[in-house]
Amino acid sequence: MLRPKIPTMPTPTGLVTPPAVVQPAVVQPTVVQTVQQPLAPVSAPARPSVQINLGTALTVIGAGTAVVLVVGTVLVSMLLATAVTAASVAVCAVVVRSLITSSAKHR
């Protein structure tokens, strides 16, 4: 009952096909002819550059500040929860140790 059972390799049944033989492919080099086009004048970019005005800058700064405050609040609350949990576990350990030592003295 407690002995491990080692599985045995099953023997193939039915039609067994041999592994396929892979033939290497031969790569034929090709000649690419290039035609040189006359140089065209460089045109201006299709999209205009980004313009940052005072309102946009204040919005970006305000959003960044809000994100930093929210993330900081979440991290501090997680740290506080960990500290409270550790303190409560320590108090429980002291109480259990006190109960064990007091029951040993009364014997």
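The values are calculated or read from the model by the stated rules, or taken from the named source; none is laboratory data. Note that this is a predicted model, so its numbers are computed, not measured. No Cβ is skipped: glycine too gets one built from the backbone with ideal geometry, and neighbour counts run over all protein chains shown. We work out accessible area using only protein heavy atoms, side chains counted, and drop any ligands, DNA or RNA first. Shrake-Rupley method; radii C 1.70, N 1.55, O 1.52, S 1.80 Å.
Quick one: in segment 18-66, of everything that is hydroxyl-bearing (Ser, Thr, Tyr) and open to solvent by 100 Å² or more (accessible area, probe 1.4 Å), which residue is modelled with the lowest pLDDT?
THR34
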**Report entry** Of all residues in segment 60-107 being among the β-branched types (Val, Ile, Thr) and closer than 30 Å to VAL50 by Cα, the one that is nearest to the chain's Cα centre (by Cα)
**Finding:** VAL71
Report summary line: Just one listed residue, out of ALA93, ALA104, is among the hydrophobic types (A, V, I, L, M, F, W, C), free of Cβ contacts under 8 Å to residues at least 12 places away in the same chain and loosely packed, with under 10 Cβ neighbours inside 10 Å, and it is ALA104
